[in-house]
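Following: one structure in structure tokens, then a few remarks.
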Amino acid sequence: MKKFKKQNIVILAIAITIFAGIVFYNYSADQTRQKGFVFGTELEKIQNEVKDLQTEFYSKKTQWEEGTITKEELFQHYEHHIKKFEEIIVKYDNLVPPESFKSAVDLLKLSSQTQLDSDRQFIEWMKTGDESFKIRSDSQYQQALEYEMTGLVEYYSAKTGVRP
């Protein structure tokens, strides 16, 4: 009977260990999913802020062209735009991406930085009329789009587990 009792205790200990392992695994997987969800939501917020900021940037130029704001108001807005854009770019550094998403975040941040550089060149063109600033702005804008597209491909590849 003692042997039977010891055997039951060993079996019970093994069952408890297996059960604890399953619970820990499920908890760990759930925590990883939660962290991934939070990361994805934070990244999406940053990308939306950049998009909204850019929409406003170009709409202010249109307002100036239509005569609803002065050139002085336009440049005041552009000054605010640069500061706000710099604040948004810093947010990429505060993200804690899962390892498989790091390259996507780096590319999306690089896209935003390049877009900011393009905007600075655009503003100089608006101020001076020097076409070389406009050419650089257009070139940087194109480069920013390429970084963004590559970053999005990296992001969705990591999200689906498929690497290009």
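The values are calculated or read from the model by the stated rules, or taken from the named source; none is laboratory data. Values in this document were obtained by computation on a predicted structure and should not be read as measured data. Reconstructed Cβ throughout: ideal geometry from the backbone, glycine too, with neighbour counts over all protein chains shown.
Summary table below
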read-out: Residue match in region 93-103 (condition: closer than 23 Å to His77 by Cβ and either within 14 Å of the chain's Cα centre (by Cα) or of a type in the set (Phe, Trp, Tyr) (or both)); value: no
read-out: Check on Phe122, over 15 Å from the mean Cα position of the chain (by Cα), surrounded by 11 or more Cβ atoms within 10 Å (Cβ to Cβ) and under 22 Å from Glu148 (Cβ atoms); value: yes
read-out: Which listed residue is of a type in the set (Phe, Trp, Tyr) and in contact (Cβ under 8 Å) with a residue 40 or more places away in the chain, from Phe85, Phe75, Phe133; value: Phe75
read-out: Meets criteria (at pLDDT 95 or above and hydrophobic (A, V, I, L, M, F, W, C)) for Val38; value: no
read-out: Region 86-108, subset part of a helix (DSSP H, G or I) and touching an Asp or Glu at 6+ places or on another chain (Cβ under 7 Å), residue surrounded by the most Cβ atoms within 10 Å (Cβ to Cβ); value: Leu108
read-out: For Gln76: the one exception among (1) modelled with pLDDT of 95 or more; (2) of a type outside the set (Phe, Trp, Tyr); (3) buried (at least 16 other Cβ atoms within 10 Å of the Cβ); value: (3)
read-out: Count of residues meeting criterion [closer than 11 Å to Ser139 by Cα and among the polar types (S, T, N, Q)] in region 101-121; value: 4
read-out: Test result for Ser111, within 18 Å of the chain's Cα centre (by Cα), surrounded by 20 or more Cβ atoms within 10 Å (Cβ to Cβ), at pLDDT 95 or above and not hydrophobic (A, V, I, L, M, F, W, C); value: yes
read-out: Some residue of region 132-143 being farther than 19 Å from Glu44 by Cβ, hydrophobic (A, V, I, L, M, F, W, C) and part of a helix (DSSP H, G or I); value: yes
read-out: Residues within region 75-127 that are among the acidic types (Asp, Glu) and closer than 25 Å to Lys60 by Cα, tallied; value: 6
